[in-house]
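Values in this text are rule-based calculations from the coordinates and carry no lab data. Model, not experiment: these values are computed from the prediction. Virtual Cβ from ideal backbone geometry, glycine too; neighbours counted across all protein chains shown.
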Amino acid sequence: MPRSAFGVKVIFVQGIRLPNSPTASGWPKLPVAPPREGPPFARHHFSLEKRRVFAMKKIVITGASRGLGRALALEFARGGHAVAGCARSQAALDKLAAKTGPQGRFAVVDVCDPQSVEHWASELRDQWGVPDLLINNAAVINTNGPLWEAAVDEFSRVIDVNIKGVFHSIRAFAPAMIARRSGVIVNLSSGWGRSTSPDVAVYCASKWAIEGLTRALAQELPAGMAAVPLNPGIIDTDMLRSCFGSNASAYPSPQAWGISAARFLLGLEERHNGQPLTVPSAVE
Ligand SMILES: NC(=O)c1ccc[n+]([C@@H]2O[C@H](COP(=O)([O-])OP(=O)(O)OC[C@H]3O[C@@H](n4cnc5c(N)ncnc54)[C@H](OP(=O)(O)O)[C@@H]3O)[C@@H](O)[C@H]2O)c1
């Protein structure tokens with residue numbers, strides 16, 4: 001059934017150096033303080049705990065209750081980062097919070113509602129801080145079928161979540177990041193943001209919009225920041241199952257994807273600004 005599996009044109013990104021690439025133990029490489037002047041006993045390297053705090057990032061993820069967003073939240077929390085996530089399902093977020101422990105904080109927020117997103121962002125700003133990494137992941141896909149059969153309400157729903165939801169999040173979180181002149185904004189695109197297939201025209205329209213929106217945003221950001229449209233690859237989530245049915249099981253689980261995707265995301269920095277990227281693990 002899958003025709004061109006999520007626009008399966010996978011793009012290798014050449015020459016990306018991941019500063020936080022994993023060590024043998026699976027932890028990101030952490031900065032070590034330079035040796036000080038003086039006798040050997042006075043030379044000081046940060047303790048492991050201090051180094052972790054030093055490398056710890058604040059990461060916001062929309063759509064954290066299931067699929068890729070949940071896998072990323074778990075992986076980032078496991079790596080010692082602070083994660084704030086949202087979705088509509090309280091029950092799923094409660095279960096996630098029980099797994100992340102204090103590293104994670106989650107709120108019921110519908111990204112279609114600009115007031116709700118703004119309220120969430122200002123609460124986080126006051127109580128938690130400004131994100132180093134904002135991942136606009138929440139999205140929906142249309143029921144498979146030709147464009148002329150799509151219901152008017154469904155077209156609006158896909159546009160509201162996939163495009164306007166991303167806009168609401170950027171509008172709420174980006175000003176504080178811009179004021180600080182640091183941070184990375186990642187907007188989840190898709191293979192279907194760079195190619196097309198029949199029966200998913202509405203979704204394709206939304207993800208092509210994300211590519212354009214993100215690249216224009218990249219041109220607006222100050223030095224020190226980056227905005228990246230990201231194709232995650234093809235992963236066995238609820239969304240994929242809605243298109244591929246049981247054939248989705250041929251693709252990696254969100255958990256497996258999350259391990260390499262989290263490392264990849266932690267390595268994004270200013271020099272990636274405006275580049276349409278693909279998570280390397282997508283190629284299996
Ligand atoms: N899976 C793939 O192979 C694949 C391929 C290409 C691109 N992508 C992209 O990757 C991202 C994640 O996809 P996925 O496969 O993980 O999808 P998924 O399993 O369907 O999960 C979607 C997430 O978005 C949340 N969400 C949906 N509407 C929302 C709203 N109005 N407000 C807040 N949260 C909302 C959902 O939570 P609630 O329902 O609880 O709100 C859920 O946590 C999407 O941007 C998707 O387009 C995925």
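Descriptive notes on the structure:
- Which listed residue is over 21 Å from LYS58 (Cα atoms) and buried (at least 19 other Cβ atoms within 10 Å of the Cβ), from GLY212, GLY191, GLY274, GLY245: GLY191
- Some residue of segment 147-159 being of a type in the set (Phe, Trp, Tyr), within 12 Å of the ligand (Cβ to nearest atom) and assigned to a helix (DSSP H, G or I): no
- One residue stands out among those in segment 239-252 that are in contact (Cβ under 8 Å) with a residue 60 or more places away in the chain and either among the small types (Gly, Ala, Ser) or touching a helix residue (DSSP H, G or I) at 6+ places or on another chain (Cβ under 6 Å) (or both): the one that is farthest from the ligand (Cβ to nearest atom), which is GLY245.
- Verdict on ALA98 being surrounded by fewer than 17 Cβ atoms within 10 Å (Cβ to Cβ), more than 15 Å from the ligand (Cβ to nearest atom) and aliphatic (A, V, I, L, M): yes
- Long-range neighbours under 7 Å by Cβ, at least six apart or interchain, first residue more than 13 Å from the ligand (Cβ to nearest atom) within segment 190-217, second among the basic types (Lys, Arg): PRO198/ARG3
- Within segment 139-156, considering residues that are without any contact (Cβ under 8 Å) to a residue 24 or more places away in the chain and of a type outside the set (Ser, Thr, Tyr), the one surrounded by the most Cβ atoms within 10 Å (Cβ to Cβ): ALA151
- Subset of segment 218-238 (residues that are within 12 Å of the ligand (Cβ to nearest atom), crowded, with 20+ Cβ neighbours inside 10 Å and not in a loop (DSSP other than H, G, I, E, B)): PRO229, LEU230, ASN231
- PHE173 meets the conditions (1) within 12 Å of the ligand (Cβ to nearest atom); (2) crowded, with 20+ Cβ neighbours inside 10 Å; (3) in a helix (DSSP H, G or I) in every case but one. The failed one is (1).
- Applying the criterion of being of a type outside the set (D, E, K, R) and more than 10 Å from the ligand (Cβ to nearest atom) to the residues of segment 179-189, the residue that is farthest from ALA262 (Cα to Cα) is ALA179.
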